[in-house]
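The values are calculated or read from the model by the stated rules, or taken from the named source; none is laboratory data. Fair warning: this is a prediction, and the values are worked out from it, not measured in the lab. So basically every Cβ, Gly included, is an ideal-geometry build from the backbone, and we count neighbours across all protein chains shown.
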Amino acid sequence: MKVDKSILSAEATSFCQQHGVEPVALRAVELARKCFPSIRDIEIQLETNPETEEEGIVLKVVSHSDIEKVTEAYRLYVKDWVRSTTWQQRSFFRLSYTLA
């Protein structure tokens, strides 16, 4: 499944290119689309952790589904994410999901 790079904000794109993880960001989107049921919205943004002041990429998923299905989707996402990326790559990313 090909992911359109426009899903990344300009700031996220710049951060990913700087750290060499743009393909990893696109992989995160592919996995989210594969794992989460009834996605209403998905975006990737650069955010600063208020506790550590470190910047990182946040993949935000909004799903129109019930909690059981989304919990299972999250479990599958994490399993595939860990299998397909290194811990160094994962250290730049965080997943946030919401039920709508």
Residues within region 66-100 that are more than 13 Å from the chain's Cα centre (by Cα) and surrounded by fewer than 17 Cβ atoms within 10 Å (Cβ to Cβ), tallied: 16
Give me the residue from region 27-47 that is without any contact (Cβ under 8 Å) to a residue 60 or more places away in the chain and assigned to a strand (DSSP E or B) and, out of that set, nearest to GLU72 (Cα to Cα). ILE39
If a residue has to be closer than 21 Å to SER63 by Cβ, of a type in the set (Gly, Ala, Ser) and either part of a helix (DSSP H, G or I) or within 9 Å of the chain's Cα centre (by Cα) (or both) to count, how many in region 7-21 make the cut? 1
Of the residues that make up region 32-55, is at least one within 12 Å of PHE92 (Cα to Cα), under 11 Å from the mean Cα position of the chain (by Cα) and among the small types (Gly, Ala, Ser)? no
Return the residues of region 48-72 that are touching a residue at least 12 places away in the same chain (Cβ under 8 Å) and closer than 18 Å to SER9 by Cβ; say none if nothing qualifies. GLU55, GLY56, ILE57, VAL58, LEU59, LYS60, VAL61, VAL62
Run down VAL24, VAL58, VAL62 and say which single residue is within 16 Å of SER91 (Cβ to Cβ), among the hydrophobic types (A, V, I, L, M, F, W, C) and in a strand (DSSP E or B). VAL58
When (1) at pLDDT below 90; (2) of a type in the set (S, T, N, Q); (3) out of contact with any strand residue (DSSP E or B) (no Cβ under 8 Å at 6 or more places or on another chain) are applied to THR13, the one that fails is (1)
Which of the numbered conditions does VAL21 fail, given that it passes all the others? Conditions: (1) farther than 23 Å from ALA100 by Cα; (2) in contact with a strand residue (DSSP E or B) (Cβ under 6 Å, 6 or more places away or on another chain); (3) touching a residue at least 60 places away in the same chain (Cβ under 8 Å). (2)
